[in-house]
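The values are calculated or read from the model by the stated rules, or taken from the named source; none is laboratory data. Every value quoted in this text rests on a predicted model; they were computed, and no experiment measured them. Cβ coordinates were reconstructed from backbone atoms using ideal geometry, including for glycine residues, and neighbour counts include every protein chain displayed. Only protein heavy atoms, including side chains, enter the accessible area calculation; ligands, DNA and RNA are left aside. Shrake-Rupley method; radii C 1.70, N 1.55, O 1.52, S 1.80 Å.
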Amino acid sequence: MADSTTVFEIASDKPLQVDLDRCVHCGLCLNACPTYRVLGVEMDSPRGRIYQMAQVAAGAPIGPSYIEHIELCLACRGCESACPSGVQYGRLVEAARAEIEAAAVRTPGARRMRRFVFGHLLQSPALMTMLGALLYLYQGGGLQKLVRALGFLKMLGKLGEVEQLAPPAEPPFFFGKIGKTFPADGVRRYKVAFMAGCIANVCFARLNEATVRVLQKNGCEVVVPGGQSCCGALHVHAGLRHEARGLARRNIDALAEGGYDAILTNAAGCGAALKEYGELLEGDPDYAARAHEFSGRMRDVTEFLASIELNRKMQPLAIAATYQDSCHLAHGQQIRTAPRKLLEAVPGLTLLEMPLSDICCGSAGIYNVVQNEMSMQILKSKMENVNRTGADVIATANPGCILQLRAGVRLHGKGQRVVHVVELLDEAYR
Ligand code: SF4
Ligand code: SF4
């Protein structure tokens with residue numbers, strides 16, 4: 001069994017000079033950067049952040065200003081798509097965060113909180129179930145309405161703003177389906193493994209169920225392998241690469257047997273990390289080859305469905321939908337056509353493209369919680385573009401984006417419904 005012990009000190013991860021040297025400072029990435037678009041500040045642009053990383057690589061200290069600019073980055077990788085020189089910015093910023101983590105510059109309180117969230121909560125179905133049940137009681141038992149009606153959230157300041165982003169808990173949680181196999185409808189064409197996520201088991205249980213149903217409708221026997229865990233994407237983004245490696249080893253072990261045609265996820269953020277296990281474990285002689293093989297079979301569910309002969313027996317859905325590219329699908333995995341192809345396959349659905357659909361919505365993992373102010377500014381611009389389309393549905397391909405866009409609809413929208421692409425397919429199949 002893989003070692004998945006919680007170790008937060010990371011010795012060797014930092015931006016590589018060869019990656020930093022690729023940047024020729026042309027600035028062609030600037031307008032693709034959401035933080036630069038809001039602030040217009042060079043140090044909060046991709047080029048400026050790379051410059052600061054290079055300064056640290058040359059011996060400058062890791063100070064508060066550096067940490068602030070690196071943490072204000074969404075790690076959305078919009079700059080990576082825009083860069084003509086092939087700068088792998090996602091790799092750079094993840095390594096920069098690992099270096100910050102290793103420098104142990106955080107306060108003891110911040111370290112304790114990170115240890116709890118990343119080391120315990122995200123890895124423990126029991127803890128997530130317990131917190132999910134509490135969340136459900138708070139949201140469904142009238143307490144949330146009371147707290148909001150009495151204006152307590154305003155008194156809580158930042159915490160109150162974040163409360164409004166809390167995802168709804170959806171019992172029965174999907175944890176109960178882990179370890180189970182769901183047969184194909186009709187003739188079995190494929191055998192696939194489904195990675196159910198971590199928080200998604202609690203807050204996107206219905207989405208996970210819809211994903212399984214859509215795959216069944218498309219001739220897939222769907223296995224939800226037991227022993228799987230959080231993919232480690234949030235850990236990588238937070239600079240906790242050692243911890244992410246432990247989770248990667250655990251997932252590789254859990255899916256070693258089974259002979260799956262593909263390993264699937266419905267979360268673009270998870271998919272990008274799962275496809276990069278090969279890179280994450282490249283220095284591990286016991287796992288490097290297995291990690292590479294695992295990543296080779298990893299597919300986003302939209303990517304997979306668009307690559308097979310799709311079951312066209314659908315009911316018409318008379319809706320106008322716009323598609324928000326999830327950053328880790330469009331920029332992290334270069335998948336833009338597949339989700340659109342699926343939407344266009346739904347009879348009756350009109351796809352209305354929004355301007356700047358591949359600019360981040362401000363979700364970015366837990367960014368909307370830890371960088372709430374910037375996240376909300378980015379969301380406001382996003383919603384202006386959504387509203388311009390006149391669409392009544394916003395489709396996307398990542399649970400985090402769904403939450404963020406639902407908050408956007410509450411704050412600036414016109415009552416649009418926000419769903420995952422596979423949820424629309426699921427509706428059309430019913
Ligand atoms: S990251 Fe790429 S696009 Fe941006 S300044 Fe550097 S070379 Fe130019
Ligand atoms: S990852 Fe996103 S927020 Fe960060 S520098 Fe690149 S475009 Fe800007």
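Return the percentage of antiparallel bridges among DSSP beta bridges fully within the chain, rounded to the nearest 5 %.
So the antiparallel bridges amount to about 10 percent of the total.
Taking every Cα-Cα distance in the stretch 47-94 and sorting them into 5 Å bins starting at zero, the pair-distance distribution P(r) comes out as 5, 21, 31, 24, 13, 6, 0 percent. What is the distance in Å between the Cα centres of the stretch 246-281 and the stretch 309-326? Cα centres, the stretch 246-281 to the stretch 309-326: 27 Å.
Amide H to amide H distances under 5 Å link Ile62 with no residue, where only residues 5 or more positions off or on other chains count and H is placed in the peptide plane. Close amide H partners of Ala320, meaning residues 5 or more places away or on another chain with modelled amide H under 5 Å apart, are Thr350, Asp392, Val393. Each Lys or Arg adds one and each Asp or Glu takes one away; over the other residues whose Cβ falls under 12 Å from the Cβ of Arg430, this sums to 0.
Annotation for the stretch 357-388 versus the stretch 392-430: alpha-carbon center distance of 14 Å. With all protein chains kept in place, the per residue accessible area of the chain amounts to 42 square angstrom at a probe of 1.4 angstrom. Here the Debye sum runs over all C-alpha atoms of the stretch 288-430 as equal scatterers in vacuum, and log10 of I(q)/I(0) at q = 0.10, 0.14, 0.18 Å⁻¹ comes out as -0.35, -0.66, -1.01. Count the net charge of all other residues whose Cβ sits under 10 Å from the Cβ of Arg206, scoring Lys and Arg as +1 and Asp and Glu as -1. Overall, the nearby charge balance is -4.
Modelled spin labels at Glu209 and Thr107, positioned 7 Å past Cα toward Cβ, are 4.3 nm from each other.
The calculated FRET efficiency for the pair Gln315 and Val187, based on their C-beta separation and a Förster distance of 30 Å, comes to about 0.85. Once both labels are positioned 7 Å from their Cα atoms along Cα-to-Cβ, the gap between Gln88 and Ala256 label points is 2.7 nm.
On full extension of the chain, what length is gained from Gln334 through Ala133, given 0.36 nm per residue of separation minus the C-alpha to C-alpha distance? Each step should come with its number before you reach the end.
On the way: separation 201, 0.36 × 201 = 72.36 nm, distance 3.67 nm.
Working it through step by step, the gained length comes to 68.7 nm.
Rounded to the nearest Hz, the phi-derived 3J(HN,Hα) couplings of the stretch 391-408 under the Karplus curve 6.51 cos²θ - 1.76 cosθ + 1.60 (θ = phi - 60°) are 5, 9, 10, 10, 9, 8, 9, 8, x, x, 5, 4, 4, 5, 5, 5, 5, x, where x marks glycine and proline. For the stretch 231-381, which whole percent of the accessible surface, found with a 1.4 angstrom probe, sits on carbon and sulfur atoms? Carbon with sulfur: 51 percent of the solvent-accessible area.
Taking the Cα centre of the chain as reference, the dipole from Cβ charges on Lys and Arg (+1) and Asp and Glu (-1) amounts to some 1080 debye.
Note the full-extension length gain between Glu384 and Val369 as 0.36 nm times their separation in residues minus their Cα-Cα distance, in nm to one decimal.
3.3 nm
Share of pairwise Cα-Cα distances greater than 31 Å in the chain is 39 percent (whole percent).
Take the Cα radius of gyration of the stretch 156-257 and divide it by 2.2 N^0.38 Å, N being the number of residues; the result is 1.27. 3J(HN,Hα) along the stretch 109-120, derived from phi through the Karplus expression 6.51 cos²θ - 1.76 cosθ + 1.60 where θ = phi - 60°, amounts to x, 5, 5, 5, 4, 5, 4, 5, 5, 7, x, 10 Hz, with x in place of Gly and Pro. Per-residue 3J(HN,Hα) values for the stretch 41-52, derived from phi via the Karplus relation 6.51 cos²θ - 1.76 cosθ + 1.60 with θ = phi - 60°, read 10, 4, 5, 10, 10, x, 4, x, 5, 5, 4, 5 Hz in sequence order (x marks Gly and Pro).
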